[in-house]
Ligand code: AHR
């Protein structure tokens, strides 16, 4: 290269490499970061519950889908009956001899996109059954691999003797000899005498925390690994239902699983281009299981209840909603829920909780009323809830809604904030599924929020790339950048939950999502690792961090940098999070002002998320393509001189 060209190139590099001086005031710790700050938004969308986190492998186990044998292939003499032992799930099947010794009667369940089983693992099959006649019946239960080229399709088999004419629960364990994602559960009538079968269930024995009515271990573990401070459930639009009849009713989701009535999943209907006519809610993962899971992962439970409005997107007529003067049963549901979660065992609902195995209260502190509602119709319905809740339970914090979007429904957003302030709710739930430009422009979003009104729950958010509405690195990087603003404003932002959380690769309706899975595997997206880094390194207090006297929020002259700082009083660490959203590597000179004169930084490390390909993400086949990488840092004085590559999110941790 010609000398002058070389010199020009060197000059250009030097310009790009001018250090960005950031000052962190370690002697001026600010707001306490709430333990609830980063959490989980759970909704049964994308087969997140049935077919996902809920470990049940049988679809339509109670034969209650409107097409009673949906999910089942039947052969021989199978009839559906409706006078079964469980009042709210009355249907069951009768298997009878086909009348010829060489012919067979039975059923086969297709599971959720197949029945996933792993070699050497145990699966608990259970069924409620009775003999049809005085003669004893028997069934043979098999895990099968219908597509195999092997001599036999059978992966595991057991027989079950039906010993009574009364409805009785029978259980056997099957051990699969092979790993198969798309297996099936096959049941043969194995006796001349007929049998009745109800609530046919198959669970891995090895569930999260070993609960029989349990959660899929790998998915639950991934959620626990985020160290979430709050668990919002059960949604999302699912709270509202496509109509009032299909809203989520928590009382239907507790008590013995056999008697929890089926509910349609509103995501069944939402999109015809991704249509899943078999999407129903068994409520097997119900309110008890949500509270229990929240407790086990150390998250505050945050249930969201119907305010008496069916999904407002899908119901333009006011007749679709509960009239304001008829809200009492809905308000009572909210009051009863607090009793279910917190009441002592002598109360009606506290007793239900105790009978399910948790006599101790769950210690619920928050309740959300209405999901993503808007308009005067929301406010006039919320008001009587607030009055009743404040009167009966002043200790419970109430979450209200700011509607679907601060952009496309800005007028509503502003109106709702005013009304939420007037009603004095404790937190306002903001939702933003927004493009790259929004995430880049909103770094200072909360710096100017009124500190005297309700606090913020960023209850649903994700960067939806323009023309790239799926998981990819750049979207996650911009979420990380934006989140520095949540952290800096931890005095007003008390909770933030990315959404949606889980998606089956074959059954999704909405993307991007935090965690993807198939029947056997799961993978964290890059957004997952962003959430995890914030969750693991949330610290205890905000530290002021400025560049040229200004917050680092992608402002003009800040070279695409976003940054925030916290200290952790438990570990004695200072933690600085920096997102470089620009195309150029940036030198950072991070000064920790206010350290004692002779004190020096003694330990340092940096954890980085980076990708050469901005469109890349982790997949089931390549789960570790983009994961946090940790390296030691050279430290000594009272500052840190580092370089952050282009398009990188880094967490610097020093002691
Ligand atoms: O997260 C998916 C959906 O987005 C939620 O159900 C709803 O609240 C929002 O519109």
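Can we say residue 258 is modelled with pLDDT of 95 or more and either closer than 17 Å to residue 48 by Cα or under 18 Å from the mean Cα position of the chain (by Cα) (or both)?
Working: modelled with pLDDT of 95 or more: yes; either closer than 17 Å to residue 48 by Cα or under 18 Å from the mean Cα position of the chain (by Cα) (or both): no.
So residue 258 fails the test.
For the range 223-264, which positions are in a loop (DSSP other than H, G, I, E, B), surrounded by fewer than 21 Cβ atoms within 10 Å (Cβ to Cβ) and within 16 Å of the ligand (Cβ to nearest atom)?
Here is the first cut: in the range 223-264, the ones in a loop (DSSP other than H, G, I, E, B) are 225-229, 234-236, 240-243, 247-249, 254-256, 260-262.
From what's left, surrounded by fewer than 21 Cβ atoms within 10 Å (Cβ to Cβ): 225, 227, 243, 249, 255-256, 261.
Matches in the range 223-264: 243 only.
Test residue 615 against the stated conditions and say whether it is closer than 24 Å to residue 438 by Cβ and under 27 Å from the mean Cα position of the chain (by Cα).
Working: closer than 24 Å to residue 438 by Cβ: yes; under 27 Å from the mean Cα position of the chain (by Cα): yes.
Yes; evaluated as a whole, the condition is true for this residue.
Residue by residue through the range 548-589, note down the ones that are surrounded by fewer than 22 Cβ atoms within 10 Å (Cβ to Cβ), touching a residue at least 60 places away in the same chain (Cβ under 8 Å) and not in a loop (DSSP other than H, G, I, E, B).
Within the range 548-589, 567, 573, 587, 589 qualify.
How many of the residues in the range 113-158 are under 24 Å from residue 206 (Cα atoms) and loosely packed, with under 13 Cβ neighbours inside 10 Å?
Counting residues in the range 113-158 that are under 24 Å from residue 206 (Cα atoms) and loosely packed, with under 13 Cβ neighbours inside 10 Å gives 2.
Would you mind finding the one in 35, 90, 85, 66 that is at pLDDT 95 or above and within 30 Å of residue 544 (Cβ to Cβ)?
Values: 90 fails: within 30 Å of residue 544 (Cβ to Cβ); 85 fails: within 30 Å of residue 544 (Cβ to Cβ); 66 fails: within 30 Å of residue 544 (Cβ to Cβ).
Every option except 35 fails the conditions.
If I ask for residues that are in contact (Cβ under 8 Å) with a residue 24 or more places away in the chain and in contact with a strand residue (DSSP E or B) (Cβ under 6 Å, 6 or more places away or on another chain), which ones from the range 240-271 would you list?
258, 262, 265
Failed condition for residue 269, given (1) within 16 Å of the ligand (Cβ to nearest atom); (2) crowded, with 21+ Cβ neighbours inside 10 Å; (3) outside any loop (DSSP other than H, G, I, E, B), with all others met?
(2)
Would you say residue 456 is within 25 Å of the chain's Cα centre (by Cα), without any contact (Cβ under 8 Å) to a residue 40 or more places away in the chain, crowded, with 18+ Cβ neighbours inside 10 Å and under 28 Å from residue 556 (Cβ atoms)?
Values: within 25 Å of the chain's Cα centre (by Cα): yes; without any contact (Cβ under 8 Å) to a residue 40 or more places away in the chain: yes; crowded, with 18+ Cβ neighbours inside 10 Å: yes; under 28 Å from residue 556 (Cβ atoms): yes.
When the stated conditions are applied, residue 456 passes them.
Exactly one condition in (1) over 30 Å from residue 589 (Cβ atoms); (2) away from the ligand (no atom under 16 Å from the Cβ) is false for residue 551; which is it?
(1)
Filter the range 22-67 for residues that are in contact with a helix residue (DSSP H, G or I) (Cβ under 9 Å, 6 or more places away or on another chain) and assigned to a strand (DSSP E or B); which is farthest from residue 543 (Cα to Cα)?
54
If you take the residues of the range 272-296 that are buried (at least 24 other Cβ atoms within 10 Å of the Cβ) and without any contact (Cβ under 8 Å) to a residue 60 or more places away in the chain, which of them is nearest to residue 82 (Cα to Cα)?
283
Among the listed residues 276, 293, which satisfies the condition of being away from the ligand (no atom under 14 Å from the Cβ) and assigned to a loop (DSSP other than H, G, I, E, B)?
Numbers: 293 fails: assigned to a loop (DSSP other than H, G, I, E, B).
On inspection, the qualifying residue turns out to be 276.
Report whether or not residue 99 is surrounded by fewer than 22 Cβ atoms within 10 Å (Cβ to Cβ), at positive phi and within 31 Å of the chain's Cα centre (by Cα).
Details: surrounded by fewer than 22 Cβ atoms within 10 Å (Cβ to Cβ): yes; at positive phi: yes; within 31 Å of the chain's Cα centre (by Cα): no.
No: the conditions fail for residue 99.
Being at pLDDT 95 or above and within 16 Å of the ligand (Cβ to nearest atom): is that true of residue 192 here?
On the way: at pLDDT 95 or above: yes; within 16 Å of the ligand (Cβ to nearest atom): no.
Answer is no for this residue.
Which strands (runs of 3 or more DSSP E) does the range 102-166 wholly contain that include 1 or more residues that are without any contact (Cβ under 8 Å) to a residue 24 or more places away in the chain?
Values: elements: 106-109, 115-117, 122-131, 137-144, 154-162.
The strands (runs of 3 or more DSSP E) meeting that bar are 154-162.
Any residue in the range 512-523 that is within 22 Å of residue 468 (Cβ to Cβ), within 16 Å of the ligand (Cβ to nearest atom), in contact with a helix residue (DSSP H, G or I) (Cβ under 7 Å, 6 or more places away or on another chain) and in a loop (DSSP other than H, G, I, E, B)? Talk me through it step by step, then tell me what you get.
Step one: list which residues in the range 512-523 are within 22 Å of residue 468 (Cβ to Cβ), which gives 512-517, 523.
Okay, now just the ones that are also within 16 Å of the ligand (Cβ to nearest atom), so 512-516.
When the remaining residues are screened for being in contact with a helix residue (DSSP H, G or I) (Cβ under 7 Å, 6 or more places away or on another chain), the result is 512, 514-515.
If we keep only those that are in a loop (DSSP other than H, G, I, E, B) too, we end up with 512, 514.
Scanning the range 512-523, I find at least one residue that is within 22 Å of residue 468 (Cβ to Cβ), within 16 Å of the ligand (Cβ to nearest atom), in contact with a helix residue (DSSP H, G or I) (Cβ under 7 Å, 6 or more places away or on another chain) and in a loop (DSSP other than H, G, I, E, B), so the answer is yes.
Scan the range 308-332 residue by residue and report those that are buried (at least 18 other Cβ atoms within 10 Å of the Cβ) and more than 16 Å from the ligand (Cβ to nearest atom). Walk me through it before giving the result.
If we filter the range 308-332 for residues that are buried (at least 18 other Cβ atoms within 10 Å of the Cβ), which is where we start, we get 308-312, 321-322, 327, 330-331.
Correct list: 308, 321, 322, 327, 330, 331.
Tally time: how many residues in the range 457-509 are in a loop (DSSP other than H, G, I, E, B), within 13 Å of the ligand (Cβ to nearest atom) and under 24 Å from residue 216 (Cβ atoms)?
Step one: filter the range 457-509 for residues in a loop (DSSP other than H, G, I, E, B), giving 464, 466-467, 469-472, 489-492, 499-501, 505-509.
Retained after the next criterion (residues that are within 13 Å of the ligand (Cβ to nearest atom)): 464, 469, 499-501, 508-509.
Checking which are under 24 Å from residue 216 (Cβ atoms) leaves us with 499-501, 508-509.
Of the residues in that region, 5 qualify.
Could you figure out which of (1) in contact (Cβ under 8 Å) with a residue 40 or more places away in the chain; (2) surrounded by 16 or more Cβ atoms within 10 Å (Cβ to Cβ); (3) more than 16 Å from the ligand (Cβ to nearest atom) isn't true of residue 371?
Going through the list (1) in contact (Cβ under 8 Å) with a residue 40 or more places away in the chain; (2) surrounded by 16 or more Cβ atoms within 10 Å (Cβ to Cβ); (3) more than 16 Å from the ligand (Cβ to nearest atom), residue 371 breaks only (3).
Give the residue that is surrounded by the fewest Cβ atoms within 10 Å (Cβ to Cβ), with candidates limited to residues of the range 385-426 that are within 16 Å of the ligand (Cβ to nearest atom) and under 23 Å from the mean Cα position of the chain (by Cα).
The selected residue is 405.
What pairs come up if the first residue lies in the range 404-415 and is over 16 Å from residue 461 (Cβ atoms) and at pLDDT 95 or above, the second is away from the ligand (no atom under 14 Å from the Cβ) and not in a loop (DSSP other than H, G, I, E, B), and their beta carbons are under 9 Å apart, counting only those six or more places apart or on different chains?
What qualifies is 412/375; 415/375; 415/376; 415/379.
How do the pairs read when you match residues in the range 482-501 that are closer than 14 Å to residue 563 by Cα with residues anywhere that are part of a helix (DSSP H, G or I) and more than 16 Å from the ligand (Cβ to nearest atom), using Cβ under 7 Å and keeping only pairs 6 or more apart or on different chains?
From the range 482-501, the pairs are 482/439; 483/534.
Pairs under 7 Å by beta carbon, first residue over 27 Å from residue 137 (Cβ atoms) in the range 197-215, partner at pLDDT below 95 and assigned to a loop (DSSP other than H, G, I, E, B), six or more apart or different chains?
Pairs that qualify, where the first residue is over 27 Å from residue 137 (Cβ atoms) and the partner is at pLDDT below 95 and assigned to a loop (DSSP other than H, G, I, E, B): there are none.
Yes/no per residue for (1) buried (at least 22 other Cβ atoms within 10 Å of the Cβ); (2) more than 16 Å from the ligand (Cβ to nearest atom); (3) farther than 27 Å from residue 155 by Cβ; (4) at pLDDT 95 or above:
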site: 177; (1), (2), (3), (4): no, yes, no, no
site: 204; (1), (2), (3), (4): no, yes, no, yes
site: 216; (1), (2), (3), (4): yes, yes, no, yes
site: 219; (1), (2), (3), (4): no, yes, no, yes
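The values are calculated or read from the model by the stated rules, or taken from the named source; none is laboratory data. Only a predicted model underlies this, so the values are computations on that prediction, with no experimental measurement involved. All Cβ positions, even for glycine, are placed from backbone atoms using ideal geometry, and neighbour counts span all protein chains on display.
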